[in-house]
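Beneath this line is the structure, given in structure tokens, with notes to follow.
The values are calculated or read from the model by the stated rules, or taken from the named source; none is laboratory data. Computed from a predicted structure; not experimentally measured. Cβ sites come from the backbone with ideal geometry, for glycine too, and all protein chains shown count toward neighbours. Surface areas here come from the heavy atoms of the whole protein model, side chains and all, with no ligands, DNA or RNA. Shrake-Rupley method; radii C 1.70, N 1.55, O 1.52, S 1.80 Å.
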Amino acid sequence: MTELRKVAIVGSARIPFTRAHTGYAEEGNLTMLGATLKGLAEKYGLVGEKIDEVMAGAVLSHSRDFNLAREAALDAGLSPRTPGTNIQIACGTSLQAALILGAKIAIGEIDSGIAGGTDTVSDAPVVFGNRFQHRAIALSRARTLGERAAAFKGFSFGELAPVAPSTQEMRTGLSMGEHCELMAKRWEIPREDQDRLALRSHRNAAEAYAEGFHDDLVVPFAGILKDNNIRPDTTLEKMSGMKPAFDKSSGKGTLTAANSTPLTDGAASVLLASEEWAKARDLPILAYLTMGQVAANDYAHGDGLLMAPTIAVSDMLRRANMGFEDIDLFELHEAFAAQVLATLKAWKDPDYSREVLDRDVPLGAIEADRINVKGSSLAYGHPFAATGARILGLTAKLLNTQDKQRALISVCTAGGMGVAALVERAA
């Protein structure tokens, strides 16, 4: 059997993340992803070069985005011989893309790959309901005046009301925020703790920008130079004045706009390669992508929509024969502050560990100073499919610039799923 090769993380690039309906109001998934890939190609001298595969996707996409990864690769100036593969696993899209490409590199199927993701709420698809949609299809197929008239038989103007994109889970009818409120109540997560975590995220992100950490990670786009959601001047006092965003009637709601990620537009990408491919082009190796895991739970029957990362991380560490003591840095996607805090609490809970994670001994606690040291999604924002690539790129640079050996990434997703990965420092 062929020995598995190491999967090198060469580097990353992303455009600034912006709150929906602000900086990228006139942009779409293709232009944002294309700009991100172009920034990556220019950064590493790959314009006109063949990459073995670009794998990327979007959660909110138009029918015109059916060939998104391929078209973005062409727009970026990569060789026309570069294939593109679309992928989607909600908020874990670009991290999952990296894991798939990494596996291909490890077995020798490819030597190079770019994982990416993009999402825009500002250009979200708005469609008609099924009734009018079927009429429109019938009309397009009509060949006679009678057939065209028949297509509108029984028509009412109410059918023209557009159906906007929804964050409701199909099996429960609840939004992600409503599900996370249930998690906050189940795990008894105080609002003050959520606000404190959000404040730390903003301060860490602002400090990272101030020290120049993002200077070579973020490429300008559409006149935007940096993420526009970071609030370095916010305070716990300001946060405490925010009204509940999801549970507005019980008097017990704890999730607010301050401790939840905002709707965000943006795109991100990561360049992966074999060591030989990178060295042949005199490209850096920041870190290695060493392992990944995807998991799911029965969220429709009470498991907690955003709790699947607890399973993914547990299963991955079991395979690696590691515990939290073997990890230097933790990058936990902050969909909501309550999600992070519930996850941390679950990993310490004996009953949850035994019943859900099949562990006799809990994984244990993680010190705050090892978690999201440069801030995370509460500060930067969360363009769904782009977040995994943002985190992976940041993590690789973090290991490369700090005296740390190993980092763990965890991303929760819609549909009760979670994606996790291990990244190790290059020697």
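Numbers at a glance
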item	result
Reachable lysines, given that their alpha-carbon falls under 20 Å from the alpha-carbon of LYS226 and they are not under 8 places away in the same chain	LYS38, LYS43, LYS374, LYS397
Expected 222 nm ellipticity per residue - DSSP helices of 4 or more, -39500 (n - 2.57), all of the chain, to 500	-10500 deg cm²/dmol
DSSP beta bridge pairing in the chain, given as percent antiparallel to the nearest 5	75 percent
Carbon plus sulfur fraction of accessible area for the range 84-174, probe 1.4 Å, in percent	58 percent
Cut-off of 10 Å, at most 12 other beta carbons, DSSP loop: longest stretch of the chain lacking such GluC sites (Glu not before Pro)	212-366
Listed residue (GLY84, GLY418, PRO190) projecting farthest to the positive dipole end of the chain, Cβ model	GLY84
The chain, relative contact order [Cα under 8 Å, separation at least 6], %	27 percent
Size of electric dipole in the range 89-210: Cβ of Lys, Arg +1 and of Asp, Glu -1, about Cα centre, debye, nearest 20	700 debye
Formal net charge of residues neighbouring ASP358 (Cβ-Cβ distance under 11 Å; K, R +1; D, E -1)	0
Placed amide H near ILE371: partners under 5 Å, 5+ positions off or other chain	PHE330
For the range 288-309 and the range 228-263, distance of Cα centres in Å	25 Å
Nonlocal amide H pairs with PHE128, under 5 Å, H built at 1.01 Å	VAL163
Charge dipole (the chain, unit charges on Cβ, about Cα centre) - positive-most of THR167, PRO125, LEU344	PRO125
Size of electric dipole in the range 48-147: Cβ of Lys, Arg +1 and of Asp, Glu -1, about Cα centre, debye, nearest 20	580 debye
Cα centre as origin, Lys/Arg/Asp/Glu Cβ charges: the chain dipole, Debye	1040 debye
Protein accessible area in the range 240-373, 1.4 Å probe - carbon and sulfur %	49 percent
Over the range 90-233, volume per residue of the alpha carbon convex hull, in Å³	278 Å³
Kyte-Doolittle mean at least -0.5, axial Cα span of 27 Å or more - DSSP H helices of the chain	none
Top of ASP265, ASP349, ASP111 by mean-square fluctuation, Gaussian network on the chain, Cα under 10 Å	ASP349
Heavy-atom accessible area per residue - the chain, 1.4 Å, Å²	44 Å²
Filtered chymotrypsin sites (Phe, Trp or Tyr not before Pro), the range 142-234: DSSP coil and at most 14 other beta carbons within 10 Å	PHE152, PHE155
